[in-house]
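> Quick one: this structure, given as structure tokens, is what I'll be asking you about.
The values are calculated or read from the model by the stated rules, or taken from the named source; none is laboratory data. These numbers were taken from a predicted model, which means no experiment stands behind them. Quick reminder, even Gly has a Cβ in these numbers, built from the backbone with ideal geometry, and neighbours come from all protein chains shown.
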Amino acid sequence: MSAISEEFYLELLRRCGALRLNGHYVLQNGGHSDTYVAKSDVTALPGITTALADELANLLSGLGVEVVVSPAIGAIPIGFEVAFHLSQLRPDSTVRFVYAEKSDGGFELNRGYDQLVRDRRCAVVEDIVTSGATVQLVVDCIRRANGNIVGVGCIWNRAGAATEGLGVPKLESLITRQLSKWSAEECPLCTRGVPINTELGHGAEFLAKQQA
């Protein structure tokens with residue numbers, strides 16, 4: 001658990017405009033919500049990204065991480081920074097950073113990255129965990145490459161994902177707070193006719209499928 005309160009991190013997200021409230025958003029897993037965390041607004045500010053990554057690295061520092069793996073593309077900046085800070089904490093060792101790319105409904109380690117994770121202690125670093133599905137797919141591709149998963153770290157665990165559900169020994173997050181989420185069929189915002197945001201999240205894709 002971070003020594004700094006969640007409210008501090010929430011305030012950082014508010015200040016950079018990343019925490020969007022009272023809207024109608026479609027999430028990556030297809031759920032609807034009135035709250036959205038615009039992670040691109042975080043990573044557009046290197047100072048805030050570095051500060052968050054520094055604390056996340058502190059939380060993961062006791063796991064002996066040798067490779068940090070992030071899903072492409074949104075989590076790459078935070079994952080890279082976490083690997084850098086872990087290297088600073090352990091100057092006697094080399095901490096690598098690689099990223100997993102989407103492929104046929106899952107993720108793959110391309111560019112020779114599968115060889116870099118093989119037989120090494122790996123931590124998955126994500127920005128926002130909504131359902132945990134993306135993290136699980138990245139964990140699966142690391143295991144296919146014979147990497148050893150030692151933990152997962154994220155900025156915000158917004159769905160209450162747990163180690164048991166993800167099949168990992170450790171899960172660390174700077175913010176663990178569940179936010180509203182409904183299926184498209186049960187969404188009260190849809191019932192009230194609240195317009196779906198098409199600039200953030202997957203609203204444009206959702207509306208395109210509805211109109212097809």
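> In segment 45-99, which residues are within 24 Å of L12 (Cα to Cα) and of a type in the set (D, E, K, R)?
Across segment 45-99, the qualifying residues are D54, E55, E81.
> Can you tell me which residue is surrounded by the most Cβ atoms within 10 Å (Cβ to Cβ) among those in segment 113-129 that are closer than 16 Å to I73 by Cβ, touching a residue at least 60 places away in the same chain (Cβ under 8 Å) and of a type in the set (A, V, I, L, M)? Steps first, answer last, please.
Of the residues in segment 113-129, the ones closer than 16 Å to I73 by Cβ are 113, 124-128.
Remaining after also requiring touching a residue at least 60 places away in the same chain (Cβ under 8 Å): 125, 127-128.
Right, trim to of a type in the set (A, V, I, L, M) and you get 125, 128.
Working: V125: 32, I128: 25.
Per the criteria, the residue is V125.
> Please enumerate the residues belonging to segment 14-47 that are in contact with a Leu (Cβ under 6 Å, 6 or more places away or on another chain), outside any loop (DSSP other than H, G, I, E, B) and free of Cβ contacts under 8 Å to residues at least 40 places away in the same chain.
L19
> For segment 67-82, how many residues meet the condition of being surrounded by fewer than 22 Cβ atoms within 10 Å (Cβ to Cβ) and either assigned to a loop (DSSP other than H, G, I, E, B) or touching a Phe, Trp or Tyr at 6+ places or on another chain (Cβ under 8 Å) (or both)? Working first, answer last.
We begin by selecting, within segment 67-82, every residue surrounded by fewer than 22 Cβ atoms within 10 Å (Cβ to Cβ); these are 72-74, 76-77, 80.
Applying the additional criterion that residues be either assigned to a loop (DSSP other than H, G, I, E, B) or touching a Phe, Trp or Tyr at 6+ places or on another chain (Cβ under 8 Å) (or both) yields 72-74, 76, 80.
Residues in segment 67-82 being surrounded by fewer than 22 Cβ atoms within 10 Å (Cβ to Cβ) and either assigned to a loop (DSSP other than H, G, I, E, B) or touching a Phe, Trp or Tyr at 6+ places or on another chain (Cβ under 8 Å) (or both): 5 in total.
> Now a separate question. With respect to D54, is the statement that it is more than 16 Å from N157 (Cβ to Cβ), touching a Gly at 6+ places or on another chain (Cβ under 7 Å), at pLDDT 90 or above and surrounded by fewer than 20 Cβ atoms within 10 Å (Cβ to Cβ) true?
Values: more than 16 Å from N157 (Cβ to Cβ): yes; touching a Gly at 6+ places or on another chain (Cβ under 7 Å): no; at pLDDT 90 or above: yes; surrounded by fewer than 20 Cβ atoms within 10 Å (Cβ to Cβ): yes.
Criteria not met by D54.
> Just to be sure before I move on: is G201 assigned to a loop (DSSP other than H, G, I, E, B) and more than 26 Å from the chain's Cα centre (by Cα) in the structure I sent? If you could, list the steps in order and put the result at the bottom.
Details: assigned to a loop (DSSP other than H, G, I, E, B): yes; more than 26 Å from the chain's Cα centre (by Cα): no.
Taking the combined requirement at face value, the residue does not satisfy it.
> Based on what the data block shows, is G132 within 21 Å of T43 (Cα to Cα) and either exposed (fewer than 14 other Cβ atoms within 10 Å of the Cβ) or not aliphatic (A, V, I, L, M) (or both)? Walk me through how you get there before you give the answer.
Numbers: within 21 Å of T43 (Cα to Cα): yes; either exposed (fewer than 14 other Cβ atoms within 10 Å of the Cβ) or not aliphatic (A, V, I, L, M) (or both): yes.
The answer is yes for G132.
> Now a separate question. So which residues in segment 86-112 are surrounded by 21 or more Cβ atoms within 10 Å (Cβ to Cβ) and either under 14 Å from T50 (Cβ atoms) or without any contact (Cβ under 8 Å) to a residue 24 or more places away in the chain (or both), if there are any at all?
Passing the criteria: only L86.
> Within segment 157-181, how many residues are outside any loop (DSSP other than H, G, I, E, B), more than 13 Å from S131 (Cβ to Cβ) and touching a strand residue (DSSP E or B) at 6+ places or on another chain (Cβ under 7 Å)? Reasoning before the result, please.
Going residue by residue through segment 157-181, those that are outside any loop (DSSP other than H, G, I, E, B) are 157, 163-166, 171-176.
From the residues that got through so far, the ones that are more than 13 Å from S131 (Cβ to Cβ) too are 163-164, 171-176.
From the residues that got through so far, the ones that are touching a strand residue (DSSP E or B) at 6+ places or on another chain (Cβ under 7 Å) too are 163, 171-176.
So the answer is 7.
> Then there is this: In contact with a strand residue (DSSP E or B) (Cβ under 7 Å, 6 or more places away or on another chain), under 25 Å from V194 (Cβ atoms) and modelled with pLDDT of 90 or more, is that true of G31?
The answer is yes for G31.
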